[in-house]
Amino acid sequence: MAGTARQGTKRGRFAPYGLLSPGVIWLILFFMVPVMVLFRTSLSDRPNRFVPNALNFSWNFSNYTDALSQYGEQFQRSFVYAAAATIACFAIGYPLAYVIAFRGGRYRNLLLGLVVIPFFTTFLIRTLAWKTILADEGFVVQTLRDLGILAANGRLLATPLAVIGGLTYNFLPFMILPIYVSLEKIDRNLVDAAKDLYATPARAFWRVVFPLSLPGVFAGTLLTFIPACGDFINAAFLGSPQTTMIGNVVQNQFLVQLDYPTAAALSFTLMIIITVAVLIYAKVLGTEDIA
Amino acid sequence: MTATVAPPVSPTIDPAPIERTFPPPWLRKVGTISLNVYAGLGLLYLFIPIFVIVIFSFNQPKGRFNIVWQEFTLANWKDPFAIPELVDAFKLSLEIAAISTGVALVFGGLIALALTRYRFRGNAFVNLFLVLPLTTPEIVLGASLASLFIAQGTDRGFLTILIAHVMFCVSFVALTVKARLRGFDWSLEDAAMDLGAGPMRTFTKVTFPLMIPGLLAAAMLSFALSLDDFIITLFNAGTEVTFPLYIFGVRQRAIPPQINVLATTVLVVSVVLLIIGTVAGRMRERSRTSPH
């Protein structure tokens, strides 16, 4: 990958490193070093009555075992909700990206713009809007109750469904855009060739289009699943205490309880699980080029 | 059905075999239409909360919560700056977005230039390193950065928000600009040099103009991400209150309709910028494809 000679690229001895250094040093200082500090914090003594803010490093692995035994349920919920939201995003996003890429014609950019526009309103306000829509006294719940789909006192707000719905909505463009990009790149002649060779449209899709769009599917599912796992806004706004995710716990431990070691242990565990999951997923899908 | 589709020229080339008649045309049509309808519904779904946000900016709420529709009013739009805390928060967000976008554009642009223009050792590593912040949950980024500031005894505030925003914007800028520069023929630079342009002149006249579309796209993305960021900011804001933090802070006490007014304004401005960008891109394309 690194050795391919592209047109006019230069072999740099010093220049590329000079160009890279400001940004890369920033990322080392404020991304890599903090992750290491987080790891250190996760192994420090937890604050107690006698030493409220000491953060003594002591290889305190019990932070991990305590955190996992206490918050295993929230971890599990995070992954289940995030997986459900990712599947829903795929089910909504793939056909939408497909129609824009293959049938959008000259309106492709406009349609793509329409996909992005809703996300120019603040994340929190969008989620508050869903709260309004799903509210008990709202139109949707009333209609569903009248139709008998919901029980007379049935609710949408404060249910797992509302949280998953919120996650789906908020991360949908991260699914649509990468899939669109990979679909758009596909040479249309390949599809025509498949049809010339007597493939039905469905067969041409499954044998030609879908495999070629897998890099986009890979990127899209990751860009949806990862933020969804760590999110706590949807659970806080649309959920109930029975639907809290690991993000809610980390936020509470870090910013309210000021129990940094526990919060750090939980964050670090989340990061490790996600990294392992991503590596397995990449192996299964056979995608080498993550970028 | 054979009579209608028979092409006037050389009908022998296309034998139109039996296999092609499955699925029958009507079924294909049904498939096409239902897929389009499904996609249309998906697009509509994306806009449902947006309609609610815009409509509720014209609501006259009873009490402090703008949640239930009462009656139409223009009062909120006439007085969008009625709440000083909200205005301050909004200004702070704009300021942070502007500065962090500026810094990230320089850092990210240089990284993209290095990655596309040169072959060097560690290229693949840098590519991977750029993706890592994007594949790390925001809550981990926020908590780890805050851990660093706590460990260093740094007070969290304006500067720490800025540091955080530059951090996540750099990756986005670098990847966006890189994507646009990929496949670019760098020998154009040599041509400029051969024609007597110095390195500075070559950069300003050849390289930089070619980077502009990528930089513009990256600037919009990075500004939007910064303006909208909540989780990382929450961990690193200290006592500072950005627009999203304001909403988070007051939501238990009040949801004033001015929030909807400002959100709608941001939406409208973004749409206008998007249209300008699209039209400008199309005009550039046209002038390039028809040189004579």
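Within the stretch A:236-263, how many residues turn out to be of a type in the set (G, A, S) and at the interface with another protein chain (Cβ under 8 Å from one of its Cβ atoms)?
Selection size over the stretch A:236-263: 2.
Which residues, taken from the stretch B:191-209, are in contact with a Lys or Arg (Cβ under 9 Å, 6 or more places away or on another chain) and either among the charged types (D, E, K, R) or in contact (Cβ under 8 Å) with a residue 24 or more places away in the chain (or both)?
Correct list: B:T207 only.
How many residues does the stretch B:74-120 hold that are within 30 Å of B:G183 (Cα to Cα) and out of contact with any helix residue (DSSP H, G or I) (no Cβ under 9 Å at 6 or more places or on another chain)?
Count: 0.
Quick one: A:A199 ticks every box in (1) within 11 Å of another protein chain (Cβ to nearest Cβ); (2) hydrophobic (A, V, I, L, M, F, W, C); (3) part of a helix (DSSP H, G or I) bar one, so which box is it?
Unmet for A:A199, out of (1) within 11 Å of another protein chain (Cβ to nearest Cβ); (2) hydrophobic (A, V, I, L, M, F, W, C); (3) part of a helix (DSSP H, G or I): (3).
Take the stretch B:156-166 and flag every residue that is touching a residue at least 60 places away in the same chain (Cβ under 8 Å) and assigned to a helix (DSSP H, G or I).
Listed by number, the residues that qualify are B:F158, B:T160, B:I161, B:L162, B:I163, B:A164, B:H165, B:V166.
Of all residues in the stretch B:33-53, which are more than 9 Å from every other protein chain (Cβ to nearest Cβ) and β-branched (V, I, T)?
Within the stretch B:33-53, B:I33, B:V37 qualify.
Only one of B:T135, B:T116, B:T101, B:T160 is over 27 Å from B:L245 (Cβ atoms) and either surrounded by 21 or more Cβ atoms within 10 Å (Cβ to Cβ) or of a type in the set (S, T, N, Q) (or both). Can you tell me which?
Just one listed residue meets the conditions, B:T116.
Select from the stretch B:142-155 the residues that are at the interface with chain A (Cβ under 7 Å from one of its Cβ atoms) and either free of Cβ contacts under 8 Å to residues at least 24 places away in the same chain or surrounded by fewer than 22 Cβ atoms within 10 Å (Cβ to Cβ) (or both) and list them in ascending order.
B:S144, B:S147, B:L148, B:I150, B:A151
Among (1) modelled with pLDDT of 85 or more; (2) touching a Leu at 6+ places or on another chain (Cβ under 6 Å), there is one condition A:L150 misses while meeting the rest; what is its number?
(1)
Out of curiosity, is B:F172 farther than 17 Å from A:S21 by Cα, part of a helix (DSSP H, G or I), more than 7 Å from chain A (Cβ to nearest Cβ) and in contact with a Leu (Cβ under 7 Å, 6 or more places away or on another chain)?
Spelling it out, it is not the case that B:F172 is farther than 17 Å from A:S21 by Cα, part of a helix (DSSP H, G or I), more than 7 Å from chain A (Cβ to nearest Cβ) and in contact with a Leu (Cβ under 7 Å, 6 or more places away or on another chain).
Could you tell me which numbered condition B:W77 fails, if it satisfies all but one of (1) in contact (Cβ under 8 Å) with a residue 40 or more places away in the chain; (2) surrounded by 19 or more Cβ atoms within 10 Å (Cβ to Cβ)?
Checking B:W77 against (1) in contact (Cβ under 8 Å) with a residue 40 or more places away in the chain; (2) surrounded by 19 or more Cβ atoms within 10 Å (Cβ to Cβ), the one that fails is (2).
For the stretch B:64-121, enumerate the residues that are in contact with a Pro (Cβ under 7 Å, 6 or more places away or on another chain), more than 27 Å from B:P256 (Cβ to Cβ) and at pLDDT below 90.
The answer is B:Y118, B:F120.
Could you give every pair whose Cβ atoms fall below 9 Å, whose first residue belongs to the stretch B:258-280 and is more than 8 Å from every other protein chain (Cβ to nearest Cβ) and of a type in the set (A, V, I, L, M), and whose second residue is surrounded by fewer than 15 Cβ atoms within 10 Å (Cβ to Cβ) and not in a helix (DSSP H, G or I), counting only separations of at least 6 or pairs across chains?
B:V261/B:D79
When the stretch B:66-108 is examined, which residues are found to be more than 28 Å from the chain's Cα centre (by Cα) and aromatic (F, W, Y)?
B:W69, B:F72
If A:N170 passes every condition in (1) farther than 24 Å from B:F243 by Cβ; (2) at pLDDT 85 or above but one, which one does it miss?
(1)
Would you pick out the residues in the stretch A:223-272 that are under 15 Å from B:L141 (Cβ atoms) and among the aromatic types (F, W, Y)?
Passing the criteria: A:F232, A:F254, A:F268.
For the stretch A:82-102, name all the residues that are more than 7 Å from chain B (Cβ to nearest Cβ) and free of Cβ contacts under 8 Å to residues at least 40 places away in the same chain.
A:I87, A:A91
Any residue in the stretch B:123-141 that's farther than 15 Å from A:L223 by Cα: show its pairings with residues that are surrounded by fewer than 19 Cβ atoms within 10 Å (Cβ to Cβ) at Cβ separation under 6 Å, as long as the two are six or more apart or on different chains.
Close Cβ pairs (under 6 Å, with a partner that is surrounded by fewer than 19 Cβ atoms within 10 Å (Cβ to Cβ)) amount to B:N123/A:A2; B:A124/A:M1; B:A124/A:A2; B:N127/A:A291.
Which pairs turn up if I take residues in the stretch A:210-221 that are buried (at least 22 other Cβ atoms within 10 Å of the Cβ) and look for partners that are of a type in the set (D, E) with beta carbon separation below 6 Å, at least 6 apart in sequence or on another chain?
Going by the 6 Å Cβ cut-off, there are no qualifying pairs.
The values are calculated or read from the model by the stated rules, or taken from the named source; none is laboratory data. Nothing here was measured: the structure is a model prediction, and the numbers come from that model. All Cβ positions, even for glycine, are placed from backbone atoms using ideal geometry, and neighbour counts span all protein chains on display.
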